Amino acid sequence: MQGHAWNKYGGLINKYLQLQRTYSELAGEVAYILNNRLKDAAVELAIVSHRAKTVGSLIDKVMRKPYKNPLDEITDLAGVRVVHLYRSDFTRIAETIRNEFEVREEIHKIAEKSPDSFGYVARHFVVRLHNRCCGARYDDLKGLDCEIQVRTILQDAWALVDEHMAYKKAKDIPSELRRKLNSLAGVFETADD
């Protein structure tokens, strides 16, 4: 990590390092619940993965967006990704999420796009463990947010390309390549249908 980031964000980094394990446990618990309930619902899953945000990713996010209290405002310190095979399974996945967790926010990424653009179109849910989750295992996890990303396997493949391209400046990407990438995004969306 660069010295500048440490000098500017050292206090935040220290606080997050004390919380990172708890967020990792939360993500693991949410993933465990989802994996079991989605199998019960006969959803064809590719993978359910989880993670706590890395320190580097946290600092990158804080540098890109203004936060007064980053650890209170950032909702993806714990994250779970549900990658499923068929778009038709989304309804069962969403119902399972709503039944198993306290949903604080739903974000539909395609709704943020203009009708003539393509790209990342997954759905995100910001959740907390339900009150019915009780006992010592859950005491430290209650009241913490976890982001669940739900996407098809094709949306997941596109997200990897899109994320890589986001780190490059648009002016550094030749226009012909940008055109081909936009065309590819449309093909992925069509294939998903």
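Below, the figures for the structure above:
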{"read-out": "Boolean, residue 16 is in contact (Cβ under 8 Å) with a residue 60 or more places away in the chain, open to solvent by less than 30 Å² (accessible area, probe 1.4 Å) and farther than 30 Å from residue 154 by Cα", "value": "yes"}
{"read-out": "Cβ-Cβ under 8 Å pairs, at least 6 apart or on other chains, the stretch 30-44 side more than 20 Å from residue 102 (Cα to Cα) and among the charged types (D, E, K, R), far side open to solvent by less than 10 Å² (accessible area, probe 1.4 Å) and not in a loop (DSSP other than H, G, I, E, B)", "value": "44/84; 44/89"}
{"read-out": "Matching residues in the stretch 33-62 - criterion: being closer than 14 Å to residue 84 by Cβ and either surrounded by 13 or more Cβ atoms within 10 Å (Cβ to Cβ) or in contact with a helix residue (DSSP H, G or I) (Cβ under 7 Å, 6 or more places away or on another chain) (or both)", "value": "34, 35, 37, 38, 41, 43, 44, 45, 46, 48, 49"}
{"read-out": "Pair list, Cβ under 9 Å, 6 or more apart: the stretch 70-97 residue among the polar types (S, T, N, Q), other residue open to solvent by less than 10 Å² (accessible area, probe 1.4 Å) and modelled with pLDDT of 95 or more", "value": "75/126; 75/146; 96/34; 96/38"}
{"read-out": "Meets criteria (closer than 30 Å to residue 86 by Cα and open to solvent by less than 20 Å² (accessible area, probe 1.4 Å)) for residue 30", "value": "yes"}
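The values are calculated or read from the model by the stated rules, or taken from the named source; none is laboratory data. On a predicted model such as this, the values are computed, not experimentally measured, just so you know. A quick note on method: Cβ atoms are made from the backbone with ideal geometry, for glycine too, and the neighbour counts reach across all protein chains shown. Surface areas here come from the heavy atoms of the whole protein model, side chains and all, with no ligands, DNA or RNA. Shrake-Rupley method; radii C 1.70, N 1.55, O 1.52, S 1.80 Å.
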